[in-house]
Each structure stands twice: as C-alpha cells, then as structure tokens.
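The values are calculated or read from the model by the stated rules, or taken from the named source; none is laboratory data. Because the structure is a prediction, the values reported are computed rather than measured. Ideal geometry is used to build each Cβ from the backbone, glycine not excepted, and the neighbour counts take in all protein chains shown.
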Amino acid sequence: MSSTRRLSGRDAAGMLLASVALSLLGACETQHRVLPPILNQKPDITMSADATAGRAPFTVGFTVTIQDDDPEFDYLWQFGDSDTSHQESPSHTYASVGDYDASVIVTDHRGLADTAAVTIHVGSNRSPVIGTITADQSGLNPGVLVPLSASVSDPDGDALVFTWSQVSGPTISLNGTTGSSTSFTSLVKTTATYRIRLTATDNYSPPASSSRDVQISTRVTYVNTTGSLFSGSCAVSGCHVSGTGRVRLDNYSDVFANRTTIRAKINGGTMSGIFSTGDRDVVTRWIDDGAPN
C-alpha cells in the first residue's frame, strides 16, 4: 500500500524562489559572455609631400593618410626649421638652402598616436652657363661688320634673358641686344679696342646671371686706310719731305721712310692740301702707332 506526501504551502513557496534565483543567475552569466571588452588601436599613418627637392624659396604641400576608425584627430607638423602647424594638410615655404626633416604626429581622441617623417632638400638657384662665345679678335680692319654670338644653357632648365652691352671703347651701335647673338660695325679709319659684354639671366626669383666679355680690336694700316689717303699731289708729283727734293708718296716704302717729316709737316699745317682735317689726325695716329703696313 502506497502513501502520498502533500507539500505544505511553505515548502512550495521555497521551491519557487529557488527556481527563480537559478534562472536569474544563468541570465547574468549569459549577458557577460556576449559583451567582450572594446580595445582602442593607435592610428596607422602615411605622410607625403608634393615635392621633396627644389630651390629656395621652396614651397611644399604636405598630406597624411590615416588608417583608423576614430573620427577625430589632432595634428602636430614640425617642418625642420623651427616652424610648426596644427592643420590637417599644411603647406610650408623653406627660405634657406639646406636639408630639413619634416614630420607629423597624429593623435586620436583616446590619446594614442603615430608619427611619420620625410626629408626635404632645398638648393640654391644656379647661374646660367655661358659655354662658348665669340673669341677675342685683334687687328681687324676698321669699318668692318663684327658678328658676336654665344651658346648659353641653364642647369635648372629656366628660360633665359640675354643682354649685350658695350663696356668700353669708342661708342658703337649694337645690332640687337636681347638675343643670343649680335653684331656691330667698327668705326672707319680708327684704331680702337671695343669690349662687349653678354649677360644671361634666368627667370627664377630671385634671378641668377652670368656675364662674359669679348674684346675686338681694329688697327689702321697703310693697306686698309692710309694708303688711299696719300692720293693728292704728293703721290702724283711728290712733296718736299727730304733734303734731296720732292718725293712721290705713292708707295708704303717711301711713306714709311719719310714718316717723321710727314708728321712734322702735318703738325705745321704745310700738308693741308693733301689731307682733310680728319685725315690728318688719322695719318698722325697711324704714324705714332708705328706706321704698320
């Protein structure tokens, strides 16, 4: 014969409370398992410059690429010349020649940071190079056209401006002063030395330039000038330039042999019928120059 034990009200309530407590404990454990902790990662950055070498003053634009989910960042740029910036993508001008280590530090809003750097080389503006130029010339005939030219290059590839100018000598006119070549006509009946200068300037700011001089000399001789001046009566019938009577001055030997007397007579005014005033000066200077043939 079996028997059945009936639970009292107090026992039933205790069992219910125990069941509810176990259920709540299991729910709490489950909740802690599905919510793992969140870890912050530092930014991963790459720095770049739009140019890393140039001439002073040299302006560089900087940018930085960031691999990070953080929405906010702080920037500290240091350009290597004591200047700094907090902009996201700054530009900076280097005024002096040198090598500069530019860097950036990027910090997220939780305080983690990454840094990157690049070297900037700043050089000087180099002067144009005058490679070849018309060589110095001496003993040219007076009154001739003298061409001048030069070959010029710029090591930085800049466009060039040319200027020809006269430095010394009797004033002449240059046929063009702004190209790589020019010319001039030397003075007639004149022994002279002309110094002409070519200056090449680049279009960089500030500009750089180079200069070279050319020296051109002309010389009055019997053949190119004074022989034709002895065409008056002294060349036809002779002149009293020696103690032995009249001498025809129609060749270089006779003129050279009597050059001292000729000069004295020119100075004394007794040969005014042979030479004009200007030609008397030409002959005098020619004799003083050694009466070259």
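Summary table below
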item: Candidate set: region 157-177, residues that are polar (S, T, N, Q) and in a strand (DSSP E or B); chosen: the one surrounded by the most Cβ atoms within 10 Å (Cβ to Cβ); result: Q166
item: Matching residues in region 51-83 - criterion: being surrounded by fewer than 12 Cβ atoms within 10 Å (Cβ to Cβ) and over 18 Å from N125 (Cβ atoms); result: T65, Q67, D69, P71, E72, S82
item: In region 236-267, the residues that are at pLDDT 85 or above and of a type in the set (G, A, S); result: S253, A257, A264
item: Residues of region 199-209 satisfying the condition of being small (G, A, S) and either buried (at least 17 other Cβ atoms within 10 Å of the Cβ) or in contact with a His (Cβ under 7 Å, 6 or more places away or on another chain) (or both); result: A200, A208
item: Positions within region 218-242 being assigned to a strand (DSSP E or B) and either in the same structural domain as S173 (by TED's automatic domain parsing) or buried (at least 19 other Cβ atoms within 10 Å of the Cβ) (or both), in sequence order; result: T218, C239, V241
item: Filtered residue count, region 243-259, keeping only those that are farther than 28 Å from V146 by Cβ, crowded, with 17+ Cβ neighbours inside 10 Å and of a type in the set (F, W, Y); result: 0
item: Among residues of region 85-106, those that are of a type outside the set (A, V, I, L, M) and in contact with a Pro (Cβ under 9 Å, 6 or more places away or on another chain), counted; result: 3
item: Lone unmet requirement of (1) over 27 Å from G139 (Cα atoms); (2) touching a residue at least 60 places away in the same chain (Cβ under 8 Å) for M271; result: (2)
item: Positions within region 142-156 being over 24 Å from Y204 (Cα atoms) and assigned to a loop (DSSP other than H, G, I, E, B), in sequence order; result: P142, G143, V144
item: Which numbered condition R110 fails, given (1) outside any strand (DSSP E or B); (2) of a type outside the set (V, I, T); (3) over 22 Å from R212 (Cβ atoms); (4) at pLDDT 95 or above; result: (4)
item: Residue list for region 176-208, filter: more than 30 Å from Y222 (Cβ to Cβ) and not small (G, A, S); result: T177, T178, T182, R197, L198, T199, T201, D202, N203, Y204, P206, P207
item: Qualifying position, being farther than 27 Å from S168 by Cβ and either over 60 Å from the mean Cα position of the chain (by Cα) or of a type in the set (G, A, S) (or both), among S209, S217, S231; result: S231
item: Matching residues in region 178-198 - criterion: being assigned to a loop (DSSP other than H, G, I, E, B), at negative phi and surrounded by 14 or more Cβ atoms within 10 Å (Cβ to Cβ); result: S180, S186, L187, V188, T190, T191
item: First in region 84-109 and farther than 21 Å from P71 by Cβ, second anywhere and surrounded by fewer than 14 Cβ atoms within 10 Å (Cβ to Cβ) and of a type in the set (V, I, T), Cβ under 8 Å, 6 or more apart; result: S91/T59; H92/T59; T93/T59; Y94/T59; D99/T119; Y100/T119; D101/T119; A102/T119
item: Total residues in region 52-98, condition more than 24 Å from D156 (Cα to Cα), in a loop (DSSP other than H, G, I, E, B) and at pLDDT below 95; result: 5
item: Selection from region 144-156 of residues that are over 23 Å from the mean Cα position of the chain (by Cα) and crowded, with 16+ Cβ neighbours inside 10 Å; result: V146, L148
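Residues checked against (1) acidic (D, E); (2) within 18 Å of the chain's Cα centre (by Cα); (3) exposed (fewer than 14 other Cβ atoms within 10 Å of the Cβ):
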{"site": "A95", "(1), (2), (3)": "no, yes, yes"}
{"site": "I105", "(1), (2), (3)": "no, no, no"}
{"site": "H109", "(1), (2), (3)": "no, no, yes"}
{"site": "V118", "(1), (2), (3)": "no, no, no"}
{"site": "H121", "(1), (2), (3)": "no, yes, no"}
{"site": "R126", "(1), (2), (3)": "no, yes, no"}
{"site": "G131", "(1), (2), (3)": "no, yes, yes"}
{"site": "A135", "(1), (2), (3)": "no, no, yes"}
